[in-house]
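No lab work stands behind these numbers, since they all come straight from the coordinates. Keep in mind the model is a prediction, meaning the values are calculated, not measured. Methodologically, a virtual Cβ is constructed for each residue, glycine included, from the backbone with ideal geometry; neighbour enumeration extends over all protein chains shown.
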Amino acid sequence: MTQLALLRHTRTAWNIDGRLQGRTDIPALEESLAGLLKLAVPQPYAGWPWRSSPLLRTRQTAEALGLAAQPEPALIETSWGDYEGLTIAQLQAHYGEDFAANEARGLDLLPPNGESPRQVQARLLPWLAELAQTGVDTGAVTHKGVIRAIMALAYDWPMLGKPPVKLDWKALHVFRLDADGTPRPLLMNVTLVPR
């Protein structure tokens, strides 16, 4: 059984403002990174090889936690296309019923010029399959959209209604991978520990 532990990057200014970041390469907040210097990934996960999205905020998060994470392009955040940089309130005001109808599509929500969660899953599956074939337990610092896409696969959740589990975005979420890379839930909300 191959395990995959996922951790979301620490907060950015756009997170605080409620803006969709997507591929926009926003840095993590200095105060958020400073808080991570007091924390560590618990064992056995800390001893695993780590990967990160190529975006700055994930690389900064890994570095602050003392993780030597190698960039993995498949872990990049969902492309929000024309929605990027906007808040939900702004999207509702600008797109109105079209935005509500798009949200109601769940896995198939597709921002103009962007990427749907189902497309994120399709992008991730070859990497997950390759990882499963190596048999090497691995950690990854990535994004909320990527973690939600993997969680949707693991729980067979169509991204409609309440999520199958409430995720703590400051914790690790651990999945086991079938031989074909299909994720299965193992341990959610594994908290970081004091250094």
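Condition first: under 15 Å from LEU192 (Cβ atoms), of a type in the set (Gly, Ala, Ser) and not in a helix (DSSP H, G or I). Can you find one or more residues in region 39-49 that meet it? For region 39-49, residues under 15 Å from LEU192 (Cβ atoms), of a type in the set (Gly, Ala, Ser) and not in a helix (DSSP H, G or I): present.
Applying the criterion of at least 2 residues that are more than 18 Å from ARG51 (Cα to Cα) and not acidic (Asp, Glu) to the strands (runs of 3 or more DSSP E) found wholly in region 82-195 leaves 183-190. Of the residues making up region 69-81, just one is in contact with a Gly (Cβ under 9 Å, 6 or more places away or on another chain) and part of a helix (DSSP H, G or I), namely GLY81.
To keep it simple, each residue is scored yes or no on (1) buried (at least 17 other Cβ atoms within 10 Å of the Cβ); (2) under 23 Å from LEU177 (Cα atoms); (3) free of Cβ contacts under 8 Å to residues at least 24 places away in the same chain.
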site	(1), (2), (3)
LEU67	yes, yes, no
GLU84	yes, no, no
GLU97	no, no, yes
ALA100	no, no, yes
ASP108	no, no, yes
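Considering region 145-166, the residues that are under 11 Å from the mean Cα position of the chain (by Cα) and over 10 Å from LEU6 (Cα atoms) include one that is surrounded by the fewest Cβ atoms within 10 Å (Cβ to Cβ), namely ARG148.
Which one is surrounded by the fewest Cβ atoms within 10 Å (Cβ to Cβ), of the residues in region 1-22 that are of a type in the set (Lys, Arg) and under 28 Å from ASP137 (Cβ atoms)?
Within region 1-22, the first condition is being of a type in the set (Lys, Arg), and the residues that meet it are 8, 11, 19.
Applying the additional criterion that residues be under 28 Å from ASP137 (Cβ atoms) yields 8, 11.
Values: ARG8: 24, ARG11: 18.
Restricting to residues being of a type in the set (Lys, Arg) and under 28 Å from ASP137 (Cβ atoms), the top hit is ARG11.
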